[in-house]
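As structure tokens, the structure follows; a few thoughts come after it.
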Ligand code: ADP
């Protein structure tokens with residue numbers, strides 16, 4: 001019967017959304033949220049919902065949302081809350097009702113966290129663990145410049161990188177307090193290699 005599913009598969013049936021993993025990654029640009037998010041999605045069968053990727057896709061396909069988001073993104077500033085809600089909330093509700101999700105890039109502000117929490121809570125699909133990927137700018141900036149050379153991201157120039165780090169630092173403390181007060185925050189040191197970060201994170205998740 002058991003075909004060797006990975007650990008952490010949610011059980012079938014009505015308790016699914018109670019047991020599904022609903023994770024949130026919080027971390028500065030360059031902290032490895034994207035990589036970690038993909039690995040979590042593979043390992044635990046949850047959906048990776050990455051706000052930045054979804055937004056960039058909208059910009060590339062020149063959708064209505066994309067046109068409204070492009071200017072802020074090119075400056076490294078946040079796009080409007082309503083735009084982000086429109087894009088991510090429906091996906092969160094659907095994934096939360098099935099195998100669970102790992103969020104990357106949403107919520108990013110206290111307001112987004114409060115609105116997101118109210119809506120997901122009333123649907124029984126709220127975040128069950130918030131993971132801070134913690135690293136200092138002197139680790140992050142070289143990583144981001146390296147990525148800018150290797151990938152063609154519209155928002156990876158040195159000035160925009162600095163702007164994104166500043167925006168992150170301004171927004172993150174209230175966000176961390178929000179999840180800390182809910183007893184949902186864990187911190188992982190993100191300055192090591194992807195493999196080191198992954199080992200630390202697996203240990204935390206598998207002990208819960
Ligand atoms: P980074 O974490 O490096 O800023 P992301 O890929 O998460 O990269 O986001 C890229 C850009 O998309 C941000 O600079 C911002 O303009 C926009 N964005 C992403 N997530 C949000 C969000 N939750 N709220 C507002 N804007 C967002």
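The values are calculated or read from the model by the stated rules, or taken from the named source; none is laboratory data. Computed from a prediction, not measured in an experiment: that's the story for all the values here. Here the Cβ is made from the backbone with ideal geometry for all residues, glycine too, and neighbour counts use every protein chain on show.
Before moving on, here are some points about what is shown:
- Residue count for the range 10-44 satisfying the condition of being assigned to a loop (DSSP other than H, G, I, E, B), more than 13 Å from the ligand (Cβ to nearest atom) and either in contact with a helix residue (DSSP H, G or I) (Cβ under 8 Å, 6 or more places away or on another chain) or modelled with pLDDT of 95 or more (or both): 3.
- Test: residue in the range 58-72 that is at pLDDT 95 or above, surrounded by 14 or more Cβ atoms within 10 Å (Cβ to Cβ), under 18 Å from the mean Cα position of the chain (by Cα) and farther than 24 Å from residue 118 by Cβ: yes
- Test for residue 1: is it within 16 Å of the ligand (Cβ to nearest atom), modelled with pLDDT under 95 and farther than 19 Å from residue 130 by Cβ: no
- Looking at 111, 84, just one residue is at pLDDT 95 or above, more than 19 Å from residue 186 (Cβ to Cβ) and crowded, with 21+ Cβ neighbours inside 10 Å, and that residue is 84.
- Subset of the range 173-196 that is touching a strand residue (DSSP E or B) at 6+ places or on another chain (Cβ under 7 Å) and outside any strand (DSSP E or B) - its residue that is nearest to residue 55 (Cα to Cα): 175
- Meets criteria (closer than 21 Å to residue 28 by Cα, within 11 Å of the ligand (Cβ to nearest atom), part of a helix (DSSP H, G or I) and touching a helix residue (DSSP H, G or I) at 6+ places or on another chain (Cβ under 9 Å)) for residue 103: no
- Residue 159 touching a residue at least 12 places away in the same chain (Cβ under 8 Å), assigned to a helix (DSSP H, G or I) and out of contact with any strand residue (DSSP E or B) (no Cβ under 7 Å at 6 or more places or on another chain): yes
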